[in-house]
Structures are given as structure tokens and as C-alpha cells.
């Protein structure tokens, strides 16, 4: 049977019956499929941030995300797409990784999140960001975003801001006589410090009297928070020469605290505060240099109203390059600024605070005041100055002395009458100037500076101009003394004391009467010398100034 079938097939093929049939013989073939391109577009309306602390800044130590949607408006699907974000500007310390996208079908949308990681090397500044969608065939998209701020990692820094050594019956550090060390510990950076500890290390021949605070735990300290520590110590009879103390500071991580040495010497005079090298850090929390507290430094009244049309220039010159320093001038300026903000309700943006101002910085501060007051209608101006004054020896014309001023070269100083003329010409409804300086004495050969705050040559007091009233710390041949117990100028202490007592709601006449009365009494009690402040209005304001208020 099999043989018959084989023979029959061969016959059919031979006779051509299969060849002439409609049955086709299978063969290889390839169909070209049409390629449809995608067309990607970033939807600008969907771009937003995910910011862990909602401050719209890329912070060190956080993961910031850029979120948006991309739409495929083409006819074909998008394969193998990659999102790249590039940064320009202060981009150091930022980690930005590419994001691979899934297939985006034609006509569909895809949500995208790109993380930007801030590290401990992130800078404070701003970056420009560009988003680019890379599609293998060139059908992607890109957009440029507005610049966004960056901020370094917010870490704490625990350090000694100031210390004060006091005691000794003759004002000196002597063997077998107790003395006190008062220290301000401050968190001078933007992070919260945890498990803060302080340990006082004393050398041989020094003992602590009473108390158990040689080693203590402070705990948590917020940015700008301060703690005041006080130690009572006594040298024994063998103490001599240097008797350095050391304050060991630590916090949880072991990274963000600076220990401090307190160098002392047997026989040295005590009583002045010593400022440490504490630098202000930029950030949301303003770090103000802490100072040992007077009673006016505590419980500063807080205004319940905003004083939006007042501008303040504060100049506090303590450390001079050519002449003796002005004790407590920086403390005066700092605390006066606090009263302006808290008690008088003045915006921090409307206050220019210059510490240890050079001549150029002083002029720049006055220009700043001029520019701002021109932009506002009927503004008020307050100027506060603590520092040295100096007279021209021949003309007795009064000058302010910048910290880089040369007392033998009046061109390096700022004439008081020029100050009054420039400020008086500003379009201000009220101008109040507080001058904690004096222009008195005549002992130029003894260094010209009195033992306190002023320059020892009597000078003309200057003539107020415009809508101006001037409060001066002293007059005639008097000196503007410090109030050492309170670590302020005598004049400034009583100025701020009245603002504290009245919550800032006091007329200038009442303020002037109080300052004159109290400074006269206190100066005789503390210094055994006269100091008589005075209030001098310009001719233009007559008696109108008496009802003016700072608030």
C-alpha cells in the first residue's frame, strides 16, 4: 500500500497536476511596520516643590523634590526616557540624580519626582535649575525654573560669648581673696543643640567656693539661646602669675561646641567684660551677640503695635584703632536695638546697626537713611551714637570719631554740624538724636581721652537743624561716664530704663527730664563727678518736640 501511494505521487508530479494547481508553495517574507514618534511636553502648570520644612529653600540635611507632569502629545509611545535636572550657581553640596521614566503611552501623562539632596557641604545662596526630558529619538522637552535659595546645614554651635571677672577689695585679683567669674554660654548657630554640658577646669592653687556647678548639664539650647553661669573661686597663698581657667563645652554629637580658655593673672585689675570671637550666622534666627545682663537687658517690654514709618541708625563704636576703647558701647548699641524692635515696634528692616564703624561705614549708614526716608511719606528718624567725640583743637568744632579716625587729622572724622545738616535736610516729620558721647577736657598730653567715654577737649556742641531734637550725654567740660555696675553708658542706661518703665509710651520732654535728673544723681554717687545731660531742639521745632514720642 505504501509503495502504491509513493508511485501515485510521483506520477502526479511528473504529469504537472500539482504544478498547475492553485496551491502556493510557502516562502520567506518581512513586513515593514510604520514607526510613530512620541512628542513629550512638560506641563509648566504642574511644577511644584515638596519641601520638608516648607521654607522654599533647599537646606543642607534635607531631601527637596521637584514634582511635575510630562505629557506625550505624539502618536507613538515614548520608550527609554530619562529626566535630568542641572543646577547653576551655588550648587556645591547638592546631590541630583537622573530619573528613568516608564513607557509613556501616546496621549497619556506621567507624574515625575526628582529628588535634590542637601548635604553638610551645601552652601547658603541660590541655584538655577533646568529640567530636561531626554527621549532617544530627540522628541523630549526642557524648561528652566526660577532660581531657588539654598542654605547650609543648620547645626548648633555652643560657645562662650562673654565672661566677666569681678572681686578683690582693691579691684585686683589677689591671693586668698574670693573672686567671681560670670560666663555667658550661647548657641550661636541655626541648629538645636542637645545634651549640652559645661565643665569648669581650674588650675592648682585655685579652689571653688560653694555650689556644685563645676560640672553641669544644661540640656537643650535653641538657636541664639543663652545661659549665664557664675562661679565663685579663691586663689590660695601660693597662687602667682597666670592662673588660667578653662570652660569645657560639649553637645550630643561632639562636633558643635567650642571650649574656651579664661586667662587670668594674679594682680590684674578685674571688672571689665571680655568679648569672645563670636560671629553672627545668617539664617532665619538672628544671632545677636550675647552680653552679660543689666536689669534693663532683661524683661524688655514688647509693643502691641507696629511702628512702620520710623527708621533708625545705630552706631556703637567701642574698639578704636588709635585711642582707648569706649567701655560697653557695643552693649549699649545692641540693647538699644532690642528696645527699638521690641518696645517701640520698629521693623528690623528699618534699622541699620553699625558696630565699630569706620568713617566710610558711618557715611554709608547715613546714605542708607537718606535713601529710605525719601521713599516714605513723613517718616520719623532716630539716630543713636555711642562712642568717642573729638574737637578740632583750633576751632573747637565737634566731630564724631570713627574707629579708624586719627585724632590729629580732622579729615578722618565726621563733623557734628555736617551730621545735623545732612540729617536735618531729610524729609522727616521728627528727628531724634541720642548722643552718648562728650567733647570735653583739655589734657591732650595725657592722651586726650578721659578715663571714661569722651575726648578730653571742650568743643562747640553743634546746632540741630530741621525737625530735630538732640539728647546729649554731657555738656561743658564734663565727661560722659560709664555705669560699670550695669555695663552701659550712664546716659544710655537711664534712657533705656525710662523706656522700660513706660513701655516706650513717654513724651520726649518727660524722657529728657528723667535722664537729666537721674544721670546727675547717679554720676555723683558712682563716679563722684558731675555729668549733666541736655536736650537741644532746633529752632524750627520750638516747643513742639516736647509732646513727640518715639513709639
Legend entry - Residue count for the stretch 73-99, restricted to those that are within 24 Å of residue 146 (Cα to Cα) and in a strand (DSSP E or B): 12
Inset, instruction - Could you please give the count of residues in the stretch 370-398 that are within 25 Å of residue 508 (Cα to Cα) and in contact with a helix residue (DSSP H, G or I) (Cβ under 8 Å, 6 or more places away or on another chain)? - result: 11
Inset, instruction - Within the stretch 19-40, identify whether any single residue is at pLDDT 90 or above and in contact with a strand residue (DSSP E or B) (Cβ under 6 Å, 6 or more places away or on another chain), and answer yes or no. - result: yes
Inset, instruction - Have a look at 419, 354 and point out the one that is in contact (Cβ under 8 Å) with a residue 24 or more places away in the chain, surrounded by 18 or more Cβ atoms within 10 Å (Cβ to Cβ), in a helix (DSSP H, G or I) and touching a helix residue (DSSP H, G or I) at 6+ places or on another chain (Cβ under 9 Å). - result: 419
Legend entry - Candidate set: the stretch 147-156, residues that are outside any loop (DSSP other than H, G, I, E, B) and closer than 23 Å to residue 255 by Cα; chosen: the one nearest to the chain's Cα centre (by Cα): 151
Inset, instruction - Could you grab the pairs with beta carbons closer than 6 Å, sequence gap of 6+ or different chains, first residue in the stretch 238-249 and more than 22 Å from residue 198 (Cα to Cα), second one surrounded by 20 or more Cβ atoms within 10 Å (Cβ to Cβ) and at pLDDT 85 or above? - result: none
Inset, instruction - Please tell me if residue 159 is more than 26 Å from the chain's Cα centre (by Cα) and in a strand (DSSP E or B). - result: no
Inset, instruction - Please verify whether the stretch 360-380 includes one or more residues that are under 30 Å from residue 546 (Cβ atoms), assigned to a loop (DSSP other than H, G, I, E, B) and modelled with pLDDT of 95 or more. - result: yes
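The values are calculated or read from the model by the stated rules, or taken from the named source; none is laboratory data. Since this is a predicted model, take the numbers as computed values, not measurements. Don't worry about glycine lacking a Cβ; one is built from the backbone with ideal geometry, like all the others, and counts go over all protein chains shown.
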